Amino acid sequence: DDAVPGTVRGDLDLAVVLDWYNKPLSLPGGLTKAPLLDDPADVAIPAGHRLAGRAEAELEDFAGDEWVSWPQGEFCHDWLMLTLRGKGIEPRVSHMAGEHHTQLALVAAGLGVAVAPRLGRGPVPEGVRMVRVRSGMRRHIYAVWRADADR
């Protein structure tokens, strides 16, 4: 993603960026950030999944599942690996996709479970159920700009 480097270079006046509740985004000096909103995330599961009838679960309840993740090297993929391992879960990633709608299509096909932030995920496809994580998962959305820029 070029949002932060583009802001540092002055190519962008403002960038909207995100981090996760347990993995802050490191910003270079000279940038200022302001929180915009928090975006809760759920776990998307196939309709036939053993937890499909539950409104909420613990992340550890998905320890035996295969995961659909963002591509390796992306901030969100690294976050997912950190989060699962922090709960004692060794992630088994079966598929990778950078777009939420593609991840949800893979979940609908029964190919794994996925973290699905609420903002921007669009309608939940048929064959997918959303389960809240009891301990909560959320992204923080920020506006970032150069500290020396006029507001």
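Relative contact order (percent) for the chain, with alpha-carbon contacts under 8 angstrom and 6 or more residues of separation?
Answer for the chain is 44 percent.
Select from Ala109, Ala34, Ala52 the residue whose mean-square fluctuation is largest in a Gaussian network model of the chain (Cα-Cα springs shorter than 10 Å).
The residue that fluctuates most here is Ala34.
Can you grab the distance from the C-alpha centre of the range 125-151 to the C-alpha centre of the range 43-81, Å, no decimals?
Result: 17 Å between the Cα centres.
Using a Förster radius of 22 Å, what is the FRET efficiency between Asp148 and Asp78 based on their Cβ-Cβ separation? Nearest 0.05, please.
With a Förster radius of 22 Å, E is 0.15.
Say R0 is 30 Å: what FRET efficiency, to the nearest 0.05, do Glu99 and Ala52 get from their beta-carbon distance?
With R0 = 30 Å, the Cβ-Cβ based efficiency is 0.80.
Under a Cβ-only charge scheme (Lys and Arg +1, Asp and Glu -1), can you give me the dipole magnitude of the chain about the Cα centre, in debye to the nearest 20?
Dipole size: approximately 380 debye.
Pop a pseudo-label 7 angstrom from the Cα along the beta-carbon direction at both Leu111 and Leu12 and give the gap in nm to one decimal.
It works out to 2.9 nm between the two label points.
Between Asp38 and Arg92, what is the FRET efficiency for a Förster distance of 30 Å, r being their Cβ-Cβ separation, to the nearest 0.05?
0.55
Could you give the Stokes-Einstein D for the range 1-78 in µm² per second, using the C-alpha Kirkwood radius, 37 °C, 0.692 mPa s?
For the chosen part, D equals 208 µm²/s.
In nm², what is the average projected area of the convex hull enclosing the Cα atoms of the range 3-146?
So the mean shadow area of the Cα hull is 8.7 nm².
Here, each number is a calculation from the coordinates, and none is a lab measurement. Computed from a prediction, not measured in an experiment: that's the story for all the values here. Counting neighbours? That spans all protein chains shown, and the Cβs are built from the backbone with ideal geometry, glycine included.
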